[in-house]
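A short worksheet on the structure shown next.
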Amino acid sequence: MMQKHHKRLALFISLALAGLCQAQAQDKTIDVVHWWTSGSEGAALKVLRDDMGKRGFQWKDGAVSGGGGEPARAVLRTRLAANNPPDVMQMIGFSIPAYADDGTLGNVDALAAEQGWDKVVPPQLQKFAKHKNHWNAVPLGVHRTNWIWANKAIFDELKLAPPKTFEELVSMADKIRKAGYIPLAHGGQAWQSATLFDSAVLSVGGAKFYKEALIDLDPKALSGKTMEKAFEQLAQLRTMVDPAYPNREWNFATSMVYHKKAAMQIMGDWAKGEFEKARMKPGTDYLCFQYPGTDGAFIFGADQFGILNTKQQAAQVAFASAAMDKGVQEKFNIIKGSIPARTDVPMDNFDSCGKKSMADMKQAIKSNTMVGSFAHGHAMRDTAKVAATEVVGKFFDKGGSPAEAAQQLAAAIAKAK
Ligand code: BGC
């Protein structure tokens, strides 16, 4: 009788201890990896961080600089190998289902069901956030890459208007250079050149060709005449940049535009965040318009946070609730330059470029001209993207024959697929 009692007591104690350990393992911190290191990116992230603070969570920040996120993904590989993953990590496009497939990601299914995410997140984003019916990631905002950002004072001084064709852009660049300004602010990092390539491909072939080549990976489209033209555009853009462009960070390129050193930058609308941080206003100090030949069409990339397999489920659920909060999405995206991932966030407080982005996205969805960004992981799987980005980056930096570059692009993708 006594022995039985002791056994029960021992069982009770060990269960209580296990419970205690679990509670201890789940502390009130959230370990976050991201690549938001520019001024406006940091300010936008602070909205989320402050909200987590209000929810009682400490923020362990893992910022890894490098637009497009390749260096951050390398950090994740190291941390996974050391069995020390972060709780959540900024993720884009096809890397999310790939991480889900290899078991790196957990999910926030219960919260998503409770809050009805299925109804407020557009299918174009669900395609990446949700894998095999699990919400493995939380979508925060939508960026567009086929933008040009221009210094209005230079445009006024030289009586320039947004170019309607690529040829017009080329002749404008000539005028700008002769007036003593740099036509195009650019940073020679492969992902930035790949961002120009997004627009060039859409400009030469339209959304249909963009899909055939960069999304369906049709070898004929990848290596053919139209793709050759996209590389020709890239070669022309190369003539518009200053000699000091190698390795310049994208936000320094943006600052060349608002400091009136350069007339334009072709970049995703995270550049808008930097203009706003510098207290520049759209329509007054800077202009936003579409890369010529891509009006109406929308090349998108969405920032999401992947939920990793850690013991911090309570913190992850709090983080996901914060990221999906309507007020947080409004504030965050206004600072970041993107538009909300949720379709039910009011756009009244967004500026004219933000409103245009939302209107164009709705139109592009209707006309089937919304396409995933190649440079930012929404067109092809990461292995192919990395190989193709290298071809594009090299061509931009070293030059060469556009026809050969198109062949190399097709070959690199075929090998990596
Ligand atoms: C991300 C943006 C980020 C940009 C530059 C993109 O891949 O989607 O959120 O601002 O890289 O860092």
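The values are calculated or read from the model by the stated rules, or taken from the named source; none is laboratory data. Every value quoted in this text rests on a predicted model; they were computed, and no experiment measured them. Reconstructed Cβ throughout: ideal geometry from the backbone, glycine too, with neighbour counts over all protein chains shown. Quick note on the areas: whole protein, heavy atoms, side chains included, nothing else; ligands and nucleic acids left out. Shrake-Rupley method; radii C 1.70, N 1.55, O 1.52, S 1.80 Å.
Please return the ranges of strands (runs of 3 or more DSSP E) entirely within the stretch 19-115 where 1 or more residues are away from the ligand (no atom under 16 Å from the Cβ) and in contact (Cβ under 8 Å) with a residue 60 or more places away in the chain.
Per the criteria, 29-34.
Given the conditions (1) open to solvent by less than 40 Å² (accessible area, probe 1.4 Å); (2) outside the structural domain of residue 116 (by TED's automatic domain parsing), which single one is not true for residue 279?
Result: residue 279 fails condition (1) only.
What number goes with the only condition from (1) in contact (Cβ under 8 Å) with a residue 24 or more places away in the chain; (2) in a helix (DSSP H, G or I); (3) open to solvent by 10 Å² or more (accessible area, probe 1.4 Å) that residue 287 does not pass?
All conditions are met except number (2).
Yes/no per residue for (1) within 19 Å of residue 68 (Cβ to Cβ); (2) in contact (Cβ under 8 Å) with a residue 12 or more places away in the chain:
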{"residue": "175", "(1), (2)": "no, yes"}
{"residue": "180", "(1), (2)": "no, no"}
{"residue": "185", "(1), (2)": "yes, yes"}
{"residue": "192", "(1), (2)": "yes, yes"}
{"residue": "204", "(1), (2)": "no, yes"}
{"residue": "211", "(1), (2)": "no, yes"}
{"residue": "219", "(1), (2)": "no, yes"}
{"residue": "224", "(1), (2)": "no, yes"}
{"residue": "228", "(1), (2)": "no, yes"}
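Any idea which of (1) within 16 Å of the ligand (Cβ to nearest atom); (2) within 18 Å of the chain's Cα centre (by Cα) is the one residue 330 doesn't satisfy?
Evaluating residue 330 over (1) within 16 Å of the ligand (Cβ to nearest atom); (2) within 18 Å of the chain's Cα centre (by Cα) leaves (1) as the failure.
Take the stretch 175-199 and flag every residue that is of a type in the set (A, V, I, L, M), open to solvent by 10 Å² or more (accessible area, probe 1.4 Å) and more than 15 Å from the ligand (Cβ to nearest atom).
179, 182, listed by residue number.
Of 44, 112, which residue is surrounded by 15 or more Cβ atoms within 10 Å (Cβ to Cβ) and under 26 Å from residue 145 (Cα atoms)?
The unique qualifying residue is 44.
Can residue 59 be described as surrounded by 19 or more Cβ atoms within 10 Å (Cβ to Cβ), under 24 Å from residue 38 (Cβ atoms) and not hydroxyl-bearing (Ser, Thr, Tyr)?
In short, no.
Is the stretch 306-321 home to any residue that is over 16 Å from residue 144 (Cβ atoms) and touching a Lys or Arg at 6+ places or on another chain (Cβ under 6 Å)?
Yes, there is a match, as at least one residue in the stretch 306-321 is over 16 Å from residue 144 (Cβ atoms) and touching a Lys or Arg at 6+ places or on another chain (Cβ under 6 Å).
Here is a list: 375, 379. Which entry is over 24 Å from residue 118 (Cα atoms) and under 14 Å from the mean Cα position of the chain (by Cα)?
375
Could you list, in sequence order, the residues of the stretch 306-315 that are in a helix (DSSP H, G or I) and either within 12 Å of residue 55 (Cβ to Cβ) or among the aliphatic types (A, V, I, L, M) (or both)?
Passing the criteria: 314, 315.
So residue 136 ticks every box in (1) within 16 Å of the ligand (Cβ to nearest atom); (2) modelled with pLDDT of 95 or more; (3) closer than 22 Å to residue 374 by Cα but one. Which box is left unticked?
The single condition residue 136 does not satisfy is (1).
If you check 261, 272, which single one turns out to be of a type in the set (Lys, Arg) and in contact with a Gly (Cβ under 6 Å, 6 or more places away or on another chain)?
Checking each option against the conditions leaves just 272.
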